[in-house]
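Structure first, then comments.
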Amino acid sequence: MDTRRLELLLALSRLGSMRAVADEYRLTTSTVSQQIAALARDTGAQLIEPDGRRVRLTPAGRRLADHAVTILAAVDAARLDFDPDAEPAGTVRVGGFATGIRVSLLPIVADLGMRYPNVEVVISEYEPTEAFTLLAADDLDLALTYDYNLAPASPGPALETMPLWSTGWGLGVPADTPAGAGITAFADSPWIVNSRNTADETAVRTLASLAGFTPAVAHQIDSLDLVEDLIVGGFGVGLLPLGRPTGPGVTVLPLHNPDVMLTAYAVTRKGRSAWSPLRAILDRMRPPPGAPQHLRWPRPQADGG
């Protein structure tokens, strides 16, 4: 079975059209169609069927695409294993959320550059869902992502994850909030959530549901500093890290039953972690055996930027 044909079938399952596959692989639509047809002959099964003016995978095609994830990962691993002890060299494309980059990547980059001068690290900022998509398309080598215990992420079967560290989150409220106030005290308040990742909103809605109310989500904000500014301005409340120093006018109330925990992960495509430059980075990020480390927030104090 030709692995190139499996790649095209997997791409078709992801992209949904022969034209999109042809564009991604710089082929003609006719060539893609011929390769899928040849794969169908190899397997003795119908892999695609008409769907209006497009095509879609048959149940057999979807099953083969699922197998293709494992098969192609094994082929990648075997290819990399031909020279597992080679001096790390190459460009590693890293994408992730800002705190993950600050905590897990930046502290090791200088040492990595001294040890392996032929390794270059290119860094971009992405939310987890964006990073998963780029990894699956092979447009990233390493993603630094996160999820909440109340909103677990689903990276997909083509990706593998390594927990890095965890940190507790609480409810960011005005500093003059009476001591002992619980989440139900803010049932009628506007709520602030992340604009690019639904995990934050899912965690908020889960907390509110357990407390017996439906939150009124009013603002979608990426910057934690801006979340603080909105809280100070009386525009609402939202989740903030417990260990992060806050600016004047904001306090973070602990949440219990349930606690809210954010966990950071290093995520790669299956079979790629053996690539020597990527392995060198992962080895330095890897936490000691046992549970992920608890994070001490990296900023010495909150800033207004």
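The values are calculated or read from the model by the stated rules, or taken from the named source; none is laboratory data. Since the model is a prediction, treat every value here as computed from it, not as a measurement. Note: ideal-geometry Cβ built from the backbone for every residue, glycine included; neighbour counts use all protein chains shown.
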Original post:
Looking at region 244-255, which of the residues that are over 26 Å from Thr145 (Cβ atoms) and out of contact with any strand residue (DSSP E or B) (no Cβ under 9 Å at 6 or more places or on another chain) is surrounded by the most Cβ atoms within 10 Å (Cβ to Cβ)?
Top reply: Gly247
Original post:
Given the conditions (1) buried (at least 16 other Cβ atoms within 10 Å of the Cβ); (2) out of contact with any strand residue (DSSP E or B) (no Cβ under 9 Å at 6 or more places or on another chain); (3) under 27 Å from Glu160 (Cα atoms), and given that Val32 satisfies all but one, which numbered condition is not satisfied?
Top reply: (3)
Original post:
So Phe213 fits all but one of (1) crowded, with 20+ Cβ neighbours inside 10 Å; (2) part of a loop (DSSP other than H, G, I, E, B); (3) of a type in the set (Phe, Trp, Tyr); what number is the exception?
Top reply: (1)
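Okay, residues lined up against (1) under 19 Å from the mean Cα position of the chain (by Cα); (2) farther than 15 Å from Leu262 by Cα:
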residue: Leu105; (1), (2): yes, yes
residue: Glu127; (1), (2): yes, no
residue: Thr133; (1), (2): yes, yes
residue: Tyr148; (1), (2): yes, no
residue: Ser166; (1), (2): yes, no
residue: Gly170; (1), (2): no, no
residue: Ala175; (1), (2): no, yes
residue: Pro178; (1), (2): no, yes
Subject >> Set Ala74, Ala65, Ala89, Ala110: member being surrounded by 14 or more Cβ atoms within 10 Å (Cβ to Cβ) and either over 30 Å from Trp275 (Cβ atoms) or among the hydrophobic types (A, V, I, L, M, F, W, C) (or both) >> reply: Ala65
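How about region 84-186: which strands (runs of 3 or more DSSP E) wholly inside it have at least 2 residues that are in contact with a helix residue (DSSP H, G or I) (Cβ under 7 Å, 6 or more places away or on another chain) and of a type in the set (Ser, Thr, Tyr)? Full working, then the answer.
On the way: elements: 90-96, 119-125, 142-148, 159-174.
It comes to 142-148.
For (1) touching a residue at least 12 places away in the same chain (Cβ under 8 Å); (2) touching a Phe, Trp or Tyr at 6+ places or on another chain (Cβ under 6 Å); (3) in the same structural domain as Ser104 (by TED's automatic domain parsing), each residue gets a yes or a no:
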| residue | (1), (2), (3) |
| --- | --- |
| Tyr148 | yes, no, yes |
| Ala203 | yes, yes, no |
| Asp222 | yes, no, no |
| Leu240 | yes, no, no |
| Gly243 | yes, yes, no |
| Val250 | yes, no, no |
Original post:
Under 8 Å by Cβ, and 6 or more places apart or on different chains, what pairs join a residue from region 35-57 that is at positive phi with one that is not in a strand (DSSP E or B)?
Top reply: none
Original post:
So how many residues does region 225-238 have that are outside any helix (DSSP H, G or I) and in contact (Cβ under 8 Å) with a residue 60 or more places away in the chain?
Top reply: 3
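Look through Arg205, Arg196 and report the one residue that is basic (Lys, Arg) and part of a loop (DSSP other than H, G, I, E, B). Talk me through it step by step, then tell me what you get.
On the way: Arg205 fails: part of a loop (DSSP other than H, G, I, E, B).
Residue meeting the stated conditions: Arg196.
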Original post:
Which of the residues belonging to region 8-17 are surrounded by 21 or more Cβ atoms within 10 Å (Cβ to Cβ) and either touching a strand residue (DSSP E or B) at 6+ places or on another chain (Cβ under 6 Å) or on the phi > 0 side of the Ramachandran plot (or both)?
Top reply: none
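Okay, residues lined up against (1) over 29 Å from the mean Cα position of the chain (by Cα); (2) within 14 Å of Arg5 (Cα to Cα); (3) modelled with pLDDT under 90:
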{"position": "Ser33", "(1), (2), (3)": "yes, yes, no"}
{"position": "Ile36", "(1), (2), (3)": "yes, yes, no"}
{"position": "Leu47", "(1), (2), (3)": "yes, yes, no"}
{"position": "Pro50", "(1), (2), (3)": "yes, no, yes"}
{"position": "Arg53", "(1), (2), (3)": "yes, no, yes"}
{"position": "Leu64", "(1), (2), (3)": "no, yes, no"}
{"position": "Asp76", "(1), (2), (3)": "no, no, yes"}
{"position": "Val94", "(1), (2), (3)": "no, no, no"}
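For the structure I just gave you, tell me whether Arg5 is modelled with pLDDT of 90 or more, exposed (fewer than 15 other Cβ atoms within 10 Å of the Cβ) and in contact with a helix residue (DSSP H, G or I) (Cβ under 9 Å, 6 or more places away or on another chain).
When the stated conditions are applied, Arg5 does not pass them.
Look at Gly170 and say whether it is within 21 Å of Thr246 (Cβ to Cβ), among the small types (Gly, Ala, Ser) and buried (at least 19 other Cβ atoms within 10 Å of the Cβ). Explain how you work it out, then say what you get.
Working: within 21 Å of Thr246 (Cβ to Cβ): yes; among the small types (Gly, Ala, Ser): yes; buried (at least 19 other Cβ atoms within 10 Å of the Cβ): yes.
So Gly170 passes the test.
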Original post:
Residue check, Gly305 against (1) modelled with pLDDT of 90 or more; (2) over 26 Å from Pro155 (Cα atoms); (3) not hydrophobic (A, V, I, L, M, F, W, C), all met but one. Which one?
Top reply: (1)
Original post:
Can you tell me which residue in region 205-262 is nearest to Pro152 (Cα to Cα), limited to those that are under 25 Å from the mean Cα position of the chain (by Cα) and among the acidic types (Asp, Glu)?
Top reply: Asp259
